[in-house]
Amino acid sequence: MSWLAAAAAISLSCHDDPSTGTSPVPAVPTVSPVTFSPQRIVDNDEHVMGTHLAMTAYTTPSLDASQVRAAFDAAAAEIRRIEAVMTTWRADSELSRINDAAGVAPVAVGKETFDVIATSVHTSEISEGTFDITFESLHGLWKFDQDLDPHPPTDAQIKTKLPLLSYHHIHLDKPQRTVFLDTKGVRISLGGIAKGYAVDRAAKVLEGLGLTAFFVQAGGDLYTRGNKPDGTQWQAGVRDPRGPDGSFFAMMGVSDHAFSTAGDYERSYFADGKRYHHIIDPRTGYPATASRSVTIWAPTALQADALDDAVFILGPEKGLALVESQDGVGAVIVDAHNKVWVSKRLEGKLDVVRAPTDAP
């Protein structure tokens, strides 16, 4: 039955009018249309893949609030499934098995893991090797996670590990679907791309369950679907890298697109007056210094998640050249000197409300 107006089935008894011998025309009952009012449902209580998960959606004529919340549960479960396969924090994950077999033997993996690693290698190839999942080979030297230790490693320690940082150590056999790291000590991590893939998968779950207007955000990775019920786009903020937590210096509407930010303000510390952060330049083994933040607008969260780190490391000029070479991709860069760079595809779409805060 239509949600716009549902007329009940009405049985009318018609009798001949004795004065005319004709059947009178029955009065047509007035039925008030039933209007549907979309309800905004928010879920921001989840914690997945080491970050905060937030989802917002609107009910539809066929999905009420309880069904939307059930869809959120299914999307969060999908992210947790991906995390279990692609994390390096579990000894039984596919990533851990690959790392354990480095220099010994190829490891057969599932299609998802293989495809995400293949995408990672492709991103390395188009970004001069600046995006490189072998950064994990420095594991134990830089400590920005639960093991946060505000003491940088020595030059000698980094120099010892640096030969292990190269995507050329990764060998993929597509027919056999195996991954081989050719040297002992080489390790890979999908921490710079798996969240984007997980956000895309969560969005597919929500869409498959009938939701048409929603967003999924895991940390700095966001994907939006459709427009809000009033026809306006979802609004995404570009965080001020030196401003208070939650402050934005620019806004833009985003629909059916991903929005991902990499910044030197996350997972960072100061030592001897210098900022150190988790975005490592694989060419040097040290945190990249060309940018303060990079926000990527892309068709998928997977692509946006991979490119934001690459552009961050490349810096604004080479980074924008990479962005412009990719279909449907745009970027906002705050460089090391606090200058804002905007790619051509985002010109006219981005609303810069103020200059970013300038601070070390």
Checklist line | Subset of segment 323-341 [surrounded by fewer than 21 Cβ atoms within 10 Å (Cβ to Cβ), out of contact with any Lys or Arg (no Cβ under 9 Å at 6 or more places or on another chain) and of a type in the set (A, V, I, L, M)] | finding: V340
Check: Has segment 96-103 got at least one residue that is among the small types (G, A, S), crowded, with 21+ Cβ neighbours inside 10 Å, out of contact with any strand residue (DSSP E or B) (no Cβ under 7 Å at 6 or more places or on another chain) and not in a strand (DSSP E or B)?
Finding: no
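Please determine, by comparing only the residues of segment 129-151 that are assigned to a helix (DSSP H, G or I) and not aliphatic (A, V, I, L, M), which one is farthest from V199 (Cα to Cα). Working first, answer last.
Applying the first criterion (assigned to a helix (DSSP H, G or I)) to segment 129-151 yields 133-138.
Going one step further and asking which of them are not aliphatic (A, V, I, L, M), we end up with 134-137.
Details: T134: 22, F135: 22, E136: 22, S137: 26 Å.
Taking the candidates together, the pick is S137.
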Note to self: Going through I158, I170 one at a time, which residue ends up being in contact (Cβ under 8 Å) with a residue 12 or more places away in the chain, buried (at least 21 other Cβ atoms within 10 Å of the Cβ) and outside the structural domain of H277 (by TED's automatic domain parsing)?
What the structure shows: I170
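Collect the residues in segment 122-142 that are surrounded by fewer than 19 Cβ atoms within 10 Å (Cβ to Cβ) and either in contact (Cβ under 8 Å) with a residue 40 or more places away in the chain or aliphatic (A, V, I, L, M) (or both), keeping them in residue-number order.
Start the filter on segment 122-142 by keeping residues that are surrounded by fewer than 19 Cβ atoms within 10 Å (Cβ to Cβ), which leaves 122, 125-126, 128, 139-141.
Within segment 122-142, E125, I126, E128, H139, L141 qualify.
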Item checked: All positions within segment 175-191 that are closer than 19 Å to R90 by Cα and of a type in the set (D, E, K, R) -> R187
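Taking the conditions exactly as written (within 20 Å of the chain's Cα centre (by Cα) and surrounded by fewer than 17 Cβ atoms within 10 Å (Cβ to Cβ)), does D358 satisfy them or not?
Values: within 20 Å of the chain's Cα centre (by Cα): no; surrounded by fewer than 17 Cβ atoms within 10 Å (Cβ to Cβ): yes.
It is false that D358 is within 20 Å of the chain's Cα centre (by Cα) and surrounded by fewer than 17 Cβ atoms within 10 Å (Cβ to Cβ).
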Notebook entry, point to check: Within segment 53-73, is there a residue that is in contact (Cβ under 8 Å) with a residue 12 or more places away in the chain, of a type outside the set (A, V, I, L, M) and under 30 Å from V179 (Cα atoms)?
Noted result: no
Margin query: Condition (residue is outside any helix (DSSP H, G or I), modelled with pLDDT of 95 or more, touching a His at 6+ places or on another chain (Cβ under 8 Å) and within 30 Å of V323 (Cα to Cα)) applied to segment 112-128: is it met by at least one residue?
Written below: no
Margin query: One residue is enough: does segment 215-231 have a residue meeting the conditions modelled with pLDDT under 95, in contact with a strand residue (DSSP E or B) (Cβ under 6 Å, 6 or more places away or on another chain) and closer than 20 Å to T119 by Cα?
Written below: yes
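Would you mind finding the one in G196, G220 that is crowded, with 20+ Cβ neighbours inside 10 Å, in contact with a Leu (Cβ under 7 Å, 6 or more places away or on another chain), small (G, A, S) and in contact (Cβ under 8 Å) with a residue 60 or more places away in the chain? Break it down stepwise before answering.
Working: G220 fails: in contact with a Leu (Cβ under 7 Å, 6 or more places away or on another chain).
On inspection, the qualifying residue turns out to be G196.
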Check: Using beta carbons and a limit of 7 Å, which pairs, at least six apart or on different chains, have the first residue in segment 332-360 and without any contact (Cβ under 8 Å) to a residue 60 or more places away in the chain and under 21 Å from D305 (Cβ atoms) and the second one surrounded by 12 or more Cβ atoms within 10 Å (Cβ to Cβ) and basic (K, R)?
Finding: D335/R292
Checklist line | Subset of segment 304-346 (residues that are under 16 Å from the mean Cα position of the chain (by Cα) and at positive phi) | finding: G328
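The values are calculated or read from the model by the stated rules, or taken from the named source; none is laboratory data. Everything numeric here is computed off the predicted structure, so don't read it as measured data. Note that we place each Cβ from the backbone using ideal geometry, even for glycine, and neighbour counts take in every protein chain shown.
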